[in-house]
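Working notes, structure below.
Coordinate-derived values only; no laboratory data. Computed from a predicted model, the values in this text were never measured in an experiment. Here the Cβ is made from the backbone with ideal geometry for all residues, glycine too, and neighbour counts use every protein chain on show.
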């Protein structure tokens, strides 16, 4: 059972990692990866950047959310870097990288390779520290982590259910308003037609044509 749990966590970790190359440019050009986070959730961003400082390239990292909040802007990143923050709202956040060319090198197209891993919620917690503090066995630690992950999935399903209910209520309200607007429009057209008939009959009577 323990091996199956470990393989599950390994698969989740590998599937969430993202690897890409970013080429050095003299201007300001960012490459961003967007993710969504719920309110009061812990987020840990781990970036492993190849190369070293002073090689003519400077990789800057920028973490920001859609509400305009800044969660970190480290500069000249090389090697492994971890940034953590707790979200204040349900929102999307961006992890952006730029690679600035600081000096010309012998390489025609200088670039840095980046491995990015974003952990949210239970995955972002330091389970080794929790295991040491609470004196948990390895299996107990894994089960505790699975329990929190399942709880997050349940909360996400509840959030989606509430959103679906809100959207359904909005749709029903919109349909009801459209229906009454259509009835009102038809009533106005019928009334306008009746008024035109009455007006024309009165007009022709006044001209002794009827």
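Below, the figures for the structure above:
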{"item": "Residue-averaged 222 nm ellipticity for the chain, from DSSP H runs of 4+ at -39500 (n - 2.57), nearest 500", "result": "-16000 deg cm²/dmol"}
{"item": "Two-site FRET efficiency, residue 147 against residue 92, from Cβ-Cβ distance with R₀ of 30 Å, rounded to 0.05", "result": "0.65"}
{"item": "Estimated FRET transfer efficiency (residue 154, residue 111; beta-carbon r; R0 35 Å; 0.05)", "result": "0.25"}
{"item": "Rounded Å value of the spacing that divides the Cα centres of segment 107-150 and segment 156-183", "result": "39 Å"}
{"item": "Computed label-point distance, nm, for sites residue 83 and residue 185 using a 7 Å Cα→Cβ extension", "result": "5.0 nm"}
{"item": "Calculated over segment 11-95: convex hull of Cα atoms, volume per residue (Å³)", "result": "101 Å³"}
{"item": "Average projected area [Cα convex hull, segment 64-129], square nanometres", "result": "6.4 nm²"}
{"item": "At R0 = 22 Å, FRET efficiency that the Cβ-Cβ distance of residue 135 and residue 18 yields, to 0.05", "result": "0.05"}
{"item": "Label of the coordinate-derived value, Rg/Rh (Cα atoms, Kirkwood Rh), listed as (i) 0.96; (ii) 1.36; (iii) 1.48", "result": "(ii)"}
{"item": "Relative contact order (percent, whole number), the chain, Cα cutoff 8 Å, 6+ residue spacing", "result": "24 percent"}
{"item": "Rounded to 10°, Cα long-axis angle of helix 2-16 versus longest principal axis of the chain", "result": "60 degrees"}
{"item": "Segment residue 173-residue 202, length gained on full extension (0.36 nm per residue, minus Cα span)", "result": "6.1 nm"}
{"item": "Using distinct alpha-carbon pairs, which all enter the 1/r mean, Kirkwood radius of segment 100-179 in Å", "result": "18.0 Å"}
